[in-house]
Every structure is written in C-alpha cells, then in structure tokens.
Amino acid sequence: MTKQRCQWVTDDPVYITYHDHEWGVPQYDAQKLFEMLCLEGAQAGLSWITILKRRENYCQAFDDFDPLKISKYSNQKIEALLQDKGIIRNRRKINAFIKNAQSFLQVEQELGDFSSYIWSFVGGEQIVNHWETHEQVPAYTTESEQMSKDLKRRGFQFVGPTICYAFMQATGMVNDHTKDCFLSIAR
C-alpha cells in the first residue's frame, strides 16, 4: 500500500526522503538550522527540488555550513564558488551565505545560542497545524514576518517572510503536514 503524502511531494526519491524524514521534524542543532536558513535563501526564485538535489554539493562547497569558516571567506573563495557547477552560481546568494554566517556568529555571541533565538519566534514549541488541503497552507505567517524583520535587523539576507516560513516548516518549527498525509498525526 502506498503511503499518502502531502500534495507537494512528487515521486522523486529525494523529495520523498526529505518529506518523510526531515520536513516538519523539529531541528534544534544550531549549525543545521544555519544550513537550512542558507538553503532556503538559495531557493529564492527557484524550486526547492533544485536546491535539494544540490544539497550535498552545497555542503562540500560551503564547508558543511560551518559558520566560522564561511564568515571568513575571501574574494578568491567567492570566485571559486562562482565557478562551482554543483551549486547555484549567484553572487548575491553566495555573499548572503557569508553575511548570514557573520550574523549567525553575532547572534551566538550576543544571545548565546542561535537555536534558542530562532525557536523563540514560536515560543520554543512546534506549531502544529491541521490543514485539510495544501491550498490552505499559508505562504507566510505573523511569526515568519516577525522572524524576517528581526533577522534582517541583525544583518541576515534572503530572509523574507515567505523564506522564513519555508524555513520554519523545513526545521519543524511548524508542522504543516495536511490531514491526509501519513505524517500528520505521527509528529
């Protein structure tokens, strides 16, 4: 018997694995949260599957999303990244990764923990929605607007309210599995 999944999931194994094992699962590891924030920003103007299929390349190209290493990237490193066919070669997005790494480190220095900071936008607890259909799922919420505003204030880039909401879904801050999905109750 085939499992019923959220409507946005295609039959692509990469999408299925992501949906079944990651999307909507609470993530508290600060470096993994940083990775997802960067990847969601990289997705701007593209489809999520485009980024997911390049995720391993991104991990290699960006030192497994080590914020300290990324924050110190030189112009030479940026030029090398612009030649890397395994990632989206967009200078603004590459520069945003570097700026976001610097901002991430500033948050850690100022507040002690990026994970606690980012989870504060949902009061430290996962928001579980009970949508009947995919069409009911919003593109952004009050929480994602607040997150976006504060991240931008702290210097983060490619963090609009829609990107922040996708990030919240990806990291399990929000569980938006629709009622017909086999994961809607399990999480």
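Which trypsin sites (Lys or Arg not before Pro) in the range 33-72 pass both tests, a DSSP loop state and at most 16 other beta-carbon atoms within 10 Å?
For trypsin sites (Lys or Arg not before Pro) across the range 33-72 that sit outside H, G, I, E and B with at most 16 neighbouring Cβ atoms in 10 Å, the list reads K53, K72.
On the protein heavy atoms, probe 1.4 angstrom, tell me the percent of accessible surface of the range 1-51 carried by carbon and sulfur.
That fraction is 54 percent.
What does the charge count around F158 come to, taking other residues whose C-beta lies under 11 Å from its C-beta (Lys +1, Arg +1, Asp -1, Glu -1)?
So the surrounding residues net to +3.
Roughly what would the spin-label model give for V128 and E56, points 7 Å off Cα along C-beta, in nm?
Computed distance between label sites V128 and E56 equals 3.4 nm.
Run the dipole for the range 1-139 about the Cα centre, Lys and Arg Cβ at +1, Asp and Glu Cβ at -1, nothing else charged, and hand back the magnitude in debye, nearest 20.
Charge dipole of the range 1-139: 680 debye, to the nearest 20.
Treating cross-link reach as a plain straight distance, find the aspartates and glutamates whose alpha-carbon is under 15 Å from the alpha-carbon of K85, omitting any fewer than eight places away in the same chain.
Straight-distance partners of K85: E56.
Report, in order of residue number, the helices in the chain meeting two criteria: a C-alpha extent of 27 Å or more along the helix axis, and a mean Kyte-Doolittle hydropathy of at least -1.0; treat each whole DSSP H run as one helix.
91-111
At 1.4 Å probe radius, can you tell me the per residue accessible area of the range 1-93 in Å²?
56
Highest mean first, how do 101-108, 76-83 rank when packing is the count of other Cβ atoms within 10 Å averaged over residues?
101-108, 76-83
Could you calculate the contour length gain from D84 to Q106, that is, 0.36 nm times the residue separation minus the distance between their Cα atoms, to one decimal place in nm?
This chain segment gains 5.1 nm when fully extended.
So for the pair K3, E145, with labels modelled 7 Å out along Cα→Cβ, what separation do we get in nm?
Distance between label points: 3.5 nm.
Across the range 171-181, in residue order, what do the Karplus-derived ³J(HN,Hα) couplings come to in whole Hz, using 6.51 cos²θ - 1.76 cosθ + 1.60 with θ = phi - 60° and x for Gly and Pro?
Taking θ as phi minus 60°, the curve returns 9, x, 5, 10, 10, 10, 4, 6, 4, 7, 7 Hz for the range 171-181.
Mind giving me the FRET efficiency for R91 and Y28? R0 is 30 Å, r the Cβ-Cβ distance, nearest 0.05 is fine.
That pair, R91 with Y28, gives E of 0.40.
Between beta-carbons, use under 12 Å as the cut-off and find the net charge around W131, counting Lys and Arg +1, Asp and Glu -1.
After counting each charged neighbour, the total is -3.
The values are calculated or read from the model by the stated rules, or taken from the named source; none is laboratory data. The model shown is predicted, which means the values in this text are computed figures rather than measured ones. Neighbour counts run over all protein chains shown; Cβ positions are idealised from the backbone, glycine included. Ligands, DNA and RNA are excluded from the accessible area calculation, which covers all protein heavy atoms including side chains. Shrake-Rupley method; radii C 1.70, N 1.55, O 1.52, S 1.80 Å.
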